[in-house]
Every structure is written in structure tokens, then in C-alpha cells.
Amino acid sequence: MRSSGEALRVLRRDGARGLARRVARVAYRRLGSAALEFPLAFADVADSRDLRLAVPARRPARGTPLTIGWICTPPAPGSGGHTTLFRMVAAAEAAGHTCVLYLYDRFGGDLARHEAVIRQGWPEMRAEVRSVDAGLAPLDAYVASAWPTAHVLASRRDLPTRRLYFIQDYEPFFYPQGSEHVLAEDTYRFGFRAITVGGMIAEILRAEFGVAAAVAEFGVDTSVYRLAGGAGDRRNVVFYARPDVARRGFAVGAMALGEFHRRHPDYRIHLFGDPAAEVPFVATRHGSLPPARLAELYNTCVAGIALSFTNVSLVPDEMLACGAIPVTGQSAYARACLDNPYVRWATPTPLGLADALDEAIAAGAAPADIAASVRGRSWEDAQRVTVATIEDEVYG
């Protein structure tokens with residue numbers, strides 16, 4: 001009876017959606033569903049203290065095409081991390097190499113469904129798609145793309161291949177001190193040839209682990225993210241809203257926008273990212289947007305909040321290319337890779353971010369000047385570095 005009364009009170013206060021959330025939360029705890037958050041089967045976990053990997057000799061004939069395996073988790077539509085990785089795969093294919101994409105799905109999802117997402121979202125990549133469960137073939141090289149896939153590659157110790165690691169963030173920062181944190185950290189001791197996106201991660205690897213990494217600098221796809229014709233109405237602000245990703249600072253960003261809305265009720269607020277993101281003020285929720293639609297949205301905005309408390313995200317540069325000013329939290333990690341005079345760096349608190357949005361609006365910078373600040377920053381240099389590093393690892 002007590003539970004029924006509580007459920008009725010929640011239903012009256014928060015509605016059916018709020019009640020469903022409470023029920024799901026209780027079920028999650030009682031069924032031990034937290035165990036499903038661990039991203040690896042225990043059998044796929046490697047240990048740097050006992051790692052004897054089969055390594056083939058260098059290939060004698062430089063210039064002969066390679067077959068390269070890329071290991072990743074199944075992507076969701078529009079995934080930024082997968083987009084960056086798949087740019088590198090496409091570059092290797094353009095260089096004449098054959099690429100095979102191996103998907104690691106701990107829960108055994110349908111491979112055909114995953115491949116359909118890939119073909120629709122990234123048509124420029126031709127790589128064959130296979131499942132890790134079917135086994136890893138002895139290819140010339142394999143590239144791990146995140147800490148769980150580095151464990152997958154290391155745990156296949158008898159596989160004769162050259163092993164590389166494409167590192168887009170310092171992933172131990174994603175977790176509190178615990179199993180995931182130390183296992184992510186251990187991947188930097190595996191001895192894989194490292195390629196980092198941006199110099200911040202390369203510096204941490206050098207200082208903490210003595211690992212030298214090739215640096216693939218951030219780029220911007222200005223064929224998509226560019227200034228649209230016409231001035232238009234830019235009385236809009238935008239927020240990359242990801243409540244499920246701690247490093248994106250959703251709660252702090254949402255509170256900042258609440259304060260901004262109180263100060264500027266005539267500005268429209270737009271959220272993109274997670275369609276389930278909710279805020280206690282009027283906002284338009286766009287959910288996950290394809291790049292072209294996202295560029296259209298940026299072109300209607302004067303500024304936006306784009307938080308990342310580890311490596312910088314792709315969002316600030318994409319906003320800049322469309323003439324909008326990004327507001328982001330003051331961070332040595334992010335600032336190391338985002339050197340642009342139009343970025344507003346703020347104390348990452350609700351009032352700090354709201355004040356920075358005010359400053360961005362008051363600055364009155366011309367969208368054309370903002371967009372011009374990112375010209376020439378393509379992904380071609382990162383692609384060249386990535387392909388050259390793989391080739392060097394195989395050929396010597």
C-alpha cells in the first residue's frame with residue numbers, strides 16, 4: 001500500500017513519464033543491471049604484466065598494398081568518434097589499402113543491422129564489416145580505436161599482426177577511480193604504436209607512460225560546416241546535450257541555459273544530441289542530427305555551449321565554421337587543442353557559462369569573420385599522419 005501511494009504521488013507530480021523512469025530505476029538496481037555497463041567480456045581483458053604478442057617481421061616491399069583491420073564498437077547514427085575514425089579508414093582506402101572493419105559487440109547484436117547503420121551514415125567508407133566473434137584474421141595490421149578494443153586486440157596474443165592504437169581521448173578520465181579507470185589506463189602499456197587526435201593526449205602519454213605518439217591534428221569538414229548565404233535571424237543559442245556522457249557536463253550546461261533564458265527570454269534555445277534530454281525551460285529538442293542539418297542549425301545561432309572536460313570535442317570548431325561562437329569550460333586539456341580568438345572560455349559553473357554567453361552576444365562579431373577563422377583546417381593532415389604511421393609500422 002505504501003508503494004502504491006508513493007507511485008500515485010509521483011504520477012500526479014511528474015506524470016506517466018516520470019513514474020516510468022522511477023520504475024525503471026528501481027528495476028535497474030534490483031536486477032543488477034549495472035553489471036551490463038562494463039564494456040568487455042572478462043575473457044577479452046588483457047594485462048600488460050603478462051603480454052607476449054605475436055609480431056611478424058616487417059614487410060620488405062614498401063608500397064605494396066596492405067590489409068588493415070580496424071576494431072571498434074557498433075556506431076550509433078551520427079557518432080562523432082566513429083566519424084573521425086572512419087575518416088581515417090577512408091584515407092587508408094584512398095591510399096590503395098584494403099580495410100576490414102571488425103565490430104566488437106559484447107551483447108551479440110545483429111551484424112546486418114550494425115552494417116546498415118554504417119553504410120547509411122558513412123557511405124564514403126567501403127570497408128568490409130565483420131564481427132570480432134567470427135575471429136580476427138592474420139592481417140598486416142590492426143588498429144584499436146578505444147580502450148575496450150585495445151584489450152580485444154591484446155587478448156588475441158597469438159595473432160601475428162602489427163598493432164596500432166588510434167586514441168581520440170584520454171579515456172581513464174571517463175571513469176571514477178575503479179576497474180574501468182585502471183583497465184583503460186593499462187592499454188597505454190600494451191606497446192601498441194600510438195596515434196593521438198590532438199597534442200593533449202600525446203603529452204599525457206609521454207609524461208605518464210613514456211609513450212611517443214604520432215599526432216593527428218583536429219580538422220573541420222568545411223564542405224559541410226560552412227557559412228550559409230544570407231544574414232538570417234541569429235537570435236538562437238544551441239547546446240550539445242548529452243546527459244548520459246559525464247564529460248559533456250549536461251547538468252551544468254542546462255543550469256547555465258536556465259539562467260540565460262531568465263536574462264534573455266527573447267532568445268530561442270535549441271538542444272541536440274540526446275532526444276531524451278529535458279530542461280526546465282522552453283527549448284527545442286532536435287535529438288541526433290545528421291551533419292548537414294546540424295550545420296543548418298548552427299547557421300541560425302549566435303552562440304552555443306559545447307562542453308568537454310577531457311579532450312576537446314568536434315562541436316566548437318564546427319560551430320565556428322558556421323559563424324557561431326562556442327562557449328566552453330576553461331580546461332587546460334581542451335584549450336591545448338582549440339586555439340581560436342572567438343572561443344569564449346568560461347569558469348565551468350552555471351553563472352560562469354551564462355556570463356560567457358552574454359559576452360558572446362555583446363561582442364557582436366560578424367559571422368563571416370568567425371567562419372573565416374577556421375579556414376584551411378581540414379582533416380587531410382590527420383589522415384596523412386594516420387596512414388603514414390600505419391605504413392611505417394608495417395614496412396619499417
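The values are calculated or read from the model by the stated rules, or taken from the named source; none is laboratory data. Computed from a predicted structure; not experimentally measured. Cβ: placed from backbone, ideal geometry, glycine included. Neighbour counts: every protein chain shown.
Quick test for you: out of V45, V26, pick the one residue that is in contact (Cβ under 8 Å) with a residue 40 or more places away in the chain and not basic (K, R). Outline the logic, then answer.
Working: V26 fails: in contact (Cβ under 8 Å) with a residue 40 or more places away in the chain.
Selected residue: V45, the only one of V45, V26 that is in contact (Cβ under 8 Å) with a residue 40 or more places away in the chain and not basic (K, R).
I'm checking my understanding of the structure. Among residues of the stretch 134-144 that are of a type in the set (G, A, S) and assigned to a loop (DSSP other than H, G, I, E, B), which one is surrounded by the most Cβ atoms within 10 Å (Cβ to Cβ)? So the residue we want is A137.
Out of curiosity, is T300 assigned to a loop (DSSP other than H, G, I, E, B) and more than 21 Å from the chain's Cα centre (by Cα)?
Details: assigned to a loop (DSSP other than H, G, I, E, B): yes; more than 21 Å from the chain's Cα centre (by Cα): yes.
The answer is yes for T300.
Just one residue in the set R189, R206, R262, R193 is within 30 Å of P275 (Cβ to Cβ) and among the basic types (K, R); that residue is R262. Per this entry, G323 is counted among residues that are small (G, A, S), buried (at least 18 other Cβ atoms within 10 Å of the Cβ) and either at pLDDT 95 or above or more than 18 Å from E259 (Cβ to Cβ) (or both).
Say whether the condition of being in contact with a Ser or Thr (Cβ under 8 Å, 6 or more places away or on another chain) and at pLDDT below 95 is met by at least one residue in the stretch 69-77.
Yes; the residues of the stretch 69-77 include at least one that is in contact with a Ser or Thr (Cβ under 8 Å, 6 or more places away or on another chain) and at pLDDT below 95.
Out of G219, G198, report the one residue that is closer than 14 Å to V385 by Cβ and in contact with a Lys or Arg (Cβ under 9 Å, 6 or more places away or on another chain). Please lay out each step first, then the result.
Working: G198 fails: in contact with a Lys or Arg (Cβ under 9 Å, 6 or more places away or on another chain).
Being closer than 14 Å to V385 by Cβ and in contact with a Lys or Arg (Cβ under 9 Å, 6 or more places away or on another chain) holds for just one of G219, G198, which is G219.
Would you point out the residue of the stretch 223-243, among those that are over 13 Å from I370 (Cβ atoms) and among the hydroxyl-bearing types (S, T, Y), that is surrounded by the most Cβ atoms within 10 Å (Cβ to Cβ)? Top of the filtered list is Y240.
The C-beta contact set for the stretch 162-182 (first residue charged (D, E, K, R), second residue part of a loop (DSSP other than H, G, I, E, B) and at pLDDT 95 or above, distance under 6 angstrom, 6+ apart or interchain) comprises R163/F192.
Looking only at the stretch 74-97, which residues are of a type outside the set (A, V, I, L, M, F, W, C) and part of a helix (DSSP H, G or I)?
Here is the first cut: in the stretch 74-97, the ones of a type outside the set (A, V, I, L, M, F, W, C) are 74-75, 77-84, 87, 93, 96-97.
G80, G81, H82, T83, T84, R87, E93, listed by residue number.
Can L101 be described as at pLDDT 95 or above, under 22 Å from A216 (Cα atoms) and assigned to a strand (DSSP E or B)?
Details: at pLDDT 95 or above: yes; under 22 Å from A216 (Cα atoms): yes; assigned to a strand (DSSP E or B): yes.
In short, yes.
Identify, from the list T310, T328, T300, the residue that is within 21 Å of H82 (Cα to Cα), surrounded by 15 or more Cβ atoms within 10 Å (Cβ to Cβ) and of a type in the set (S, T, N, Q). Break it down into steps so the answer makes sense when it comes.
On the way: T328 fails: within 21 Å of H82 (Cα to Cα); T300 fails: within 21 Å of H82 (Cα to Cα).
T310 is the lone residue from the list that is within 21 Å of H82 (Cα to Cα), surrounded by 15 or more Cβ atoms within 10 Å (Cβ to Cβ) and of a type in the set (S, T, N, Q).
Checking each residue in the stretch 119-134 for being closer than 13 Å to W70 by Cβ, in contact with a helix residue (DSSP H, G or I) (Cβ under 9 Å, 6 or more places away or on another chain) and of a type outside the set (A, V, I, L, M) picks out W122, R126, R130.
Of all residues being surrounded by fewer than 10 Cβ atoms within 10 Å (Cβ to Cβ) and among the charged types (D, E, K, R) in the stretch 1-16, which is modelled with the lowest pLDDT? Just the residue, please. Only one residue fits best here, namely R2. As a summary of the residue check, D244 satisfies the conditions (1) in a helix (DSSP H, G or I); (2) under 28 Å from V152 (Cβ atoms); (3) not assigned by TED's automatic domain parsing to the domain that holds P176 except for the one numbered (1). Among the residues of the stretch 145-182, those identified as modelled with pLDDT of 95 or more, within 20 Å of T310 (Cα to Cα) and either assigned to a strand (DSSP E or B) or in contact with a His (Cβ under 6 Å, 6 or more places away or on another chain) (or both) are Y165, F166, I167, P172.
Considering I68, I118, the condition of being in contact (Cβ under 8 Å) with a residue 60 or more places away in the chain and of a type in the set (A, V, I, L, M, F, W, C) is satisfied by I68 alone.
For beta carbons closer than 6 Å, sequence separation of 6+ or different chains, a first residue in the stretch 198-222 that is modelled with pLDDT under 95 and a second that is basic (K, R), the qualifying pairs are G219/R377; V220/R377. Answer yes or no as to whether R87 is among the basic types (K, R), within 30 Å of A241 (Cβ to Cβ) and either touching a residue at least 40 places away in the same chain (Cβ under 8 Å) or not assigned by TED's automatic domain parsing to the domain that holds D140 (or both). For R87, the condition - among the basic types (K, R), within 30 Å of A241 (Cβ to Cβ) and either touching a residue at least 40 places away in the same chain (Cβ under 8 Å) or not assigned by TED's automatic domain parsing to the domain that holds D140 (or both) - is met.
T310 meets the conditions (1) among the β-branched types (V, I, T); (2) in a strand (DSSP E or B); (3) out of contact with any His (no Cβ under 9 Å at 6 or more places or on another chain) in every case but one. The failed one is (2). The number of residues in the stretch 313-341 being part of a strand (DSSP E or B) and small (G, A, S) comes to 1. Just one of the listed residues (G121, G80, G109, G96) is farther than 30 Å from G219 by Cα and assigned by TED's automatic domain parsing to the domain that holds T149, and it is G109.
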